[in-house]
Each structure stands twice: as C-alpha cells, then as structure tokens.
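Trainee: Please read through the structure below; I'll follow up with questions.
The values are calculated or read from the model by the stated rules, or taken from the named source; none is laboratory data. Note that the coordinates shown come from a computational prediction; the quantities given were computed from them, not determined experimentally. Please note: Cβ atoms are built from the backbone with ideal geometry, for glycine as well, and neighbour counts cover all protein chains shown. Side chains are part of the model used for accessible areas, which takes the heavy atoms of the whole protein and leaves out ligands, DNA and RNA. Shrake-Rupley method; radii C 1.70, N 1.55, O 1.52, S 1.80 Å.
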Amino acid sequence: MDSPTCPKCARPLTDAQNFCPGCGADVRGLSATADTYSGPWAGKVIDGRYKLLEKLGEGGMGAVFKVEHVRMGKVLALKVLRPEYSLDRQAKARFQHEARVVSKLSHPNTIQVFDFGDLEDGSLYLAMEYLAGRDLAWTLRAQGPVSEEKAIAIGAQVLASLTEAHEQGVIHRDIKPANVMLLKRVDPDDRVKVLDFGIAKLVEGEGRKHITGITDFVGTPTYMSPEQGKGESLDARSDLYSVGAMLFELVTGRALFLGPTPMSIVSKHLTEAPPFLADAAPGKSLSPAFEKVVRKALEKKREARYPDAKRMRAALLDVRSNLGSLSMDFTPMPEEGRALMASRADFDRFERSLRVRRTLAPVLVVALVAASGLGLWRWYDREVARATYAVEREPNDLPLQATRIALGTEVHGTMGPAEADRSDRDLYVVDVPKGPVTVTLAGVNDLNLSLEVSELMPDPAGDGTQKRQQLKRKLFLDDEGLGGGERVDAYQSQSGRAYLRVEEAAHYDEPRRAPREKANAEYVLSVRPLEAKGQLEVEPDDSLALATEVGLGKPVTGFTGAPVPYPPPREVGVTTFSSVDFLLAAPAGPVGAVSAVVVAPQGGKLLALDAARFETWEVKASLGSRDPKVRAPPPPRCTVVGTEPELLPLGESSRGYALRVQPAPEGAPPPGATYQVAFISDGPTGLAAAIALASSLARKAAGP
C-alpha cells in the first residue's frame, strides 16, 4: 500500500506522524495504523442506530468516531471505551460518571451529550454532538500564540461554560487547550466548546463521595492548581487557576512552568511565583489589565483568586471593552452542513417519538390543560417544573419548555442562529410576588434585542361557562436600538407569574430586515423586586388607555426609561414606548381646575405634556395619515422639566385629567431614575397634593 500523503501539501507521511512536518496540517487518521476508513469498525452500526463513518481520534482507553444516526440521518460523535477497559469496574464507573455529569449541562459553550449505553462485547459508548473544528492545542502548535483579544474571547466563553457547570456542582478538573474546541462557522464569530468532563467531580449530593478509582490528584500537570497538586479537596476556584494557566500559554506560546518531569512542574505550581507575561513574551504588547486578571487567577491561595467563574469572566470582558471590537477569525475548517449535524433538539424530538414514557407526561398535561383549564397547569407547574436556573436551557421556545428563573437572579442566555426569517426565541418564566418589579435585559453588540412580557390569564370559553388559559402580552420593550439594553421599572404582575421572551428583530428606526445572526451572542436577563415606597406608577402605562391612576393629595413616583423620539414615529407603526408614562388624576368628587406639579430626577430632564392636547393631536394626525387631503397638524410642544419643578395646567381628555411624561432626548436621566408628580386643584382637595409632594421631597433631600 502506498504511503499516505498530506492532503494540503502532498508531502509523504510516516505511520507515526499526527501533524505534517511540512505545513503543520492535522493528519491524524490518515496513516495505515489509524484504520480510519477500513478495518473491523468500518460501516458498523452501533446499538442498532449509529453507523460508523470515520475515526476522529484515539486514546489509551478508547476512540472517538464520526457516526450517522441511521434513523435521523444526523451526524454525531461517538466515544467508545475499549472492551478490556469496560471490564474494569473503576474505568466503567468513571465512564458512566462522565455521561451522567455532562448530560446535566446544557450551556452553548459546553459539548452536548445525547445518549450512552453498552455494546454486546462489553464496550461502553457515549453519543455527543459532532464538532467541526480544531482544539486549542492544535492551534498553538500550528499557528503559535494568539492575540490578547482572541485570548479574552476564548477565555470568556470557557468561563461561561464553567459558570453553569459550577452552579450545577460540577468541577471540570482538567481545563487545558486540548479540551477546548474552536468551531468555525459561516458567520464572523467562532464559538468555543469545552470538552471532556470525564474526570469532573460532583461536589454536591452523592457527588461528595469519591468515585471509585478517581482521586483528587488527577488532571494535567501544566495546568494543575496548587491544591490539585497537593491532592486536597477541590472547589470551582481550581478550574479558574487552570484557566489562568491556559490564558498565559495562549498569549505567550509557552507553558506557565517548565520542567523535565511532571512532578517538577507540579512542584513549581506549589512554590514558584508565575512569570510575568512581558518576561515570557518579550516584545509582545499585552495590557496591564489583562496581566492583572491572569495573575489574580494564578494566586497560590484559592481565597485570593476570583470567587467564581462569573466574576472572572466579567473581569475579562471589562478588559475587552477597553480594547474595542475584535475579530474572532480562528483556524479555518471545511464547513460542515449544519443541517446534517445532530443537535439536542433533534435528538430529543427523535427520542420522544420512540419513548412513550418521555412524552406521556407533557403531552397529557397539554391536553388536560386545554380541556380543564388553569388548575391542571398549576398542578403541572407545581409538581414537575419547579427547579430554577441561572443559565438558559434549550429548547425553550414554548411555555412548557420555558427556562424557569428565580426572582433577583441574573440569568445568562445566548441568541442562537436565526432560522429562515425568524430569530432564535428564548422563553423564561418567573414567579413574581405581589408588588412592583424591575425587568432588565443587557444589550448585545450589533444586535437589537427586544423583550416581551406575557402572563397566563384565564380566558372565558366560547360558551361563557368554562375557563381556559391563554398567554397574553402585557408589555413589549424595544426602546433602545442596536446594542442597547432594555429596562422597565414598576411592572405589576396580575397573575403572580410572568413569561419573558427575548428575540432579535429590526428596530423601529431601521428599514425592514431579516434577523441578524451572531454566534454566541450572550445577554443577561433579570427580574427583581423594586425597592421603593409610596405611590408608584404601574407599568405598562404607555398610553392614555393604560394610564396609572393617581389620587389627588398624594405624590406619585415614576421611573425613567431610555430616551425615545418625540413625537412618536407613526410612519413605522410605533405609537408607544415603555419609556413613556401616562399618569391620570382620579379624584373623588368635583375638583375644579387641575394642574400637575412635575419634579425631574436630579441632573436629568423630562418632557411633560397635557395628555388631552396629545390625544387631540393623535386623532388629527391619524386622520391625516389616512387622507392625503387632510394636513396633519404639528405635534404639541412639550414642557422641558429640568432643575426646577414645573406647574402644568391640564385639560380634560377622554379619560379625565392626565399627564404624559418621557425622558428628554437631550439631557435624559439614566434609565431607572425616579421623578415625582402631584396633581393639584382648586376644588375641595385644595393644595393637599402640592403640600404632600413638598414634604416628600424634603424627606428625600434629608436622606435616610
């Protein structure tokens, strides 16, 4: 048989070579001994469902194959343990432990595991998503060190994966370049995947017990934390040390510590201070802020490191924000057809079609809820789906799939690739107590994220006798444009539960367009109680019909949102914004003439307008938009409220005396700032509201 040649430069290869000596290309699997396309495994169907296509790699305990699911026609990766090792109880327990651990994790930066089982010869297998890419170890060998910007982008994604793992009580224990894969995609950004949680350890529940045959002294010496080298019990901060060692190598091209033997390297982790980046990579420009993050992660005492992966990731992203935009142009790979690669959603759909026990509970719940109403939904919700998560769990497109989140917790989500003309949609559900809450959605560069808040409301049936349930939209947030976040304060749930949907779409000031795609576009969502006293506005109140009712004699506190245009851009169909507030006087008995006293947030400006005048203009503008012969009137002029309180006389609208308030386009206060309004009249209530407002401001000025 002819000797194999490098497919890139055609140089002859020996059986022992894994990388071409001429061009550095990865040639693993091309030698005769690798048996990639021939031998006893070629074309074999594993467990009646996985057809072996080619060998991707081989290690001491087994091999990894590219396979096709014969029923789905989807491509996966299959990790197979050698039969002789599966007879070893310790090796078998470790392999099954890997399957159990990784199947708990669903973060986009963590490799997804779909299935595992036994073969007739005693071998064990693990079915996982197929990744078309190169690991970081290959990148370092073939291309050398990367830039600081790329190292930050890689590290941030690794830490995002570890955040979910650590919150699930899982420590990876072997973070290194060989266990980090770079996926080449059709869009400009690459995604990082963390691999091989095979020596991970659960630190909660039953995982507190040692797995047979696995001690704490396990990992790779080059990236091993001091406590790992001592054989001490580990926590999440051990992984952060390994990330620091990996970041050091990524930007310098050399390991953190060098030595003739593994034990000599471990000894240096225990006793020697890490070298400075400038000494390890002289002449390379690396920022002091990046050096500070790496050195903090490499502290000998775990108490001196970052307390968790989330904080270290935030520190890295702060460094990146000061560096500006960056390219994620990693190692090119032949692009695999994404439609042919199995995803968790593909696998779950197929498995549901085969395993009735998996589908019986949710299908029965859906059918019974539709027939019997709200009670069974509450039963399902109470008995089946009470766990909460700090990381989005896909799929979460439907109410029964919604990722349950906790009040007051920041939740990390990811906008996935768009399908056709529809963006990825992420649905969350949160129990909201009685009282106001604040909802925030962090912005993502180059994307316009919108946030919809809905509630499951009883809906009368057709015969008027039964109650059904229906999700009804209560609030829509899309005030900010590209890269901007969304925020609303004083949202009041009626049912005690809110469903939140995050989606990417064209903003009102953009031409119509298809959803943008951006790989690994991460956002942060939170719902938290609003700590405020006194009478508050009630969101949504962005129209006269939804105005917050305010009694004469009491001041009301409102909350600012993002600056929005005035007048509203009716030509694109946007008439209301969450940043706009309507406050309605609701007096008891005759009131006479009514005015509003408005006090802006300190250092900010508001636009205030008599709602009756705005209502009149809206009607005339609407007529003008339908009949070209009718000339639309100019919008009424608003009063700019700044450092001094303003008194605005009010006319009577269709709903009574009301005030329209929004942030001023110039000099707007930050979202979430508070302003105050009081309605006064010359009726029996007199100046009670103005006096109450003055007292409130005096207390506020005096402080707590």
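Trainee: Can residue 230 be described as at pLDDT 85 or above, open to solvent by 60 Å² or more (accessible area, probe 1.4 Å) and not aliphatic (A, V, I, L, M)?
Mentor: Considered against the rule, which asks whether it is at pLDDT 85 or above, open to solvent by 60 Å² or more (accessible area, probe 1.4 Å) and not aliphatic (A, V, I, L, M), residue 230 comes out as yes.
Trainee: Hey, another quick one. Report whether or not residue 528 is in a helix (DSSP H, G or I) and at pLDDT 90 or above.
Mentor: The answer is no for residue 528.
Trainee: If I ask for residues that are among the β-branched types (Val, Ile, Thr), more than 19 Å from residue 238 (Cβ to Cβ) and assigned to a loop (DSSP other than H, G, I, E, B), which ones from region 143-180 would you list?
Mentor: 146
Trainee: Let me ask you something else. Could you identify the single residue in 647, 609 that is modelled with pLDDT of 90 or more, open to solvent by 50 Å² or more (accessible area, probe 1.4 Å) and not in a loop (DSSP other than H, G, I, E, B)?
Mentor: Working: 609 fails: open to solvent by 50 Å² or more (accessible area, probe 1.4 Å).
Just a single option satisfies the conditions, and that option is 647.
Trainee: Considering only residues of region 587-606 that are of a type in the set (A, V, I, L, M), surrounded by 16 or more Cβ atoms within 10 Å (Cβ to Cβ) and in a loop (DSSP other than H, G, I, E, B), which is modelled with the lowest pLDDT?
Mentor: Step by step, filter region 587-606, then rank; the result is 591.
Trainee: Moving on to the next point. For region 116-127, how many residues are open to solvent by 20 Å² or more (accessible area, probe 1.4 Å) and either closer than 21 Å to residue 164 by Cα or in contact with a helix residue (DSSP H, G or I) (Cβ under 6 Å, 6 or more places away or on another chain) (or both)?
Mentor: 3
Trainee: Exactly one of these conditions fails for residue 666: (1) exposed (fewer than 12 other Cβ atoms within 10 Å of the Cβ); (2) of a type in the set (D, E, K, R); (3) modelled with pLDDT of 90 or more; (4) closer than 17 Å to residue 601 by Cβ. Give me its number.
Mentor: Just one mismatch for residue 666, condition (3).
Trainee: Scan (1) under 20 Å from residue 394 (Cβ atoms); (2) under 16 Å from the mean Cα position of the chain (by Cα) for the single condition residue 132 breaks and write down its number.
Mentor: Exception for residue 132: condition (2).
Here's the yes/no breakdown for (1) at pLDDT below 90; (2) surrounded by 15 or more Cβ atoms within 10 Å (Cβ to Cβ); (3) over 22 Å from residue 179 (Cα atoms); (4) not β-branched (Val, Ile, Thr):
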position: 222; (1), (2), (3), (4): no, yes, no, no
position: 258; (1), (2), (3), (4): no, no, no, yes
position: 264; (1), (2), (3), (4): no, no, yes, yes
position: 267; (1), (2), (3), (4): no, yes, yes, yes
position: 279; (1), (2), (3), (4): no, no, yes, yes
position: 289; (1), (2), (3), (4): no, yes, yes, yes
position: 307; (1), (2), (3), (4): no, no, yes, yes
position: 319; (1), (2), (3), (4): no, yes, yes, no
